[in-house]
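Working notes, beginning with the structure itself.
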Amino acid sequence: MIYLQAPVDTLLARVRMRSVYFEQSMSDQYLARIADAYSRFFYQYDDAPLLIINSERLNFVDNRAHMKMLLARIAGMRAAANSSTSAGIGTMPVVHAPVTRAPHPRSLCSIVFGS
């Protein structure tokens with residue numbers, strides 16, 4: 001599971017830039033509630049390996065380097081999952097990028113893409 005997390009201001013800017021008609025009427029408060037609900041959901045999520053990425057400074061649509069970093073991280077997670085399960089260790093660790101709340105309880109390392 002991949003969760004691309006970003007501050008509400010960033011999400012709003014992206015919604016406005018997409019110019020999808022029915023999205024334009026979303027209020028700041030509504031989007032903040034949705035973002036908070038996703039954060040709460042993924043904070044407790046443990047049904048599958050989880051990659052949380054702070055995507056505030058990333059642009060997967062227009063920047064190929066950002067997409068390549070994401071794909072490399074996904075490939076690394078797959079490799080870790082394969083080596084962990086084949087060695088009888090169990091499930092792979094969560095890779096967690098900083099978010100605006102306490103660290104994920106299953107987080108074993110931290111990643112940040114972009115600068």
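The values are calculated or read from the model by the stated rules, or taken from the named source; none is laboratory data. Predicted model only: the values in this text are computed from it and were never measured. Cβ coordinates were reconstructed from backbone atoms using ideal geometry, including for glycine residues, and neighbour counts include every protein chain displayed.
What the table below lists for this structure:
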read-out: Top-ranked residue of segment 46-74 - restricted to ones that are among the small types (G, A, S) and modelled with pLDDT of 90 or more, ranked as farthest from A13 (Cα to Cα); value: A72
read-out: Meets criteria (without any contact (Cβ under 8 Å) to a residue 60 or more places away in the chain and part of a helix (DSSP H, G or I)) for Y45; value: no
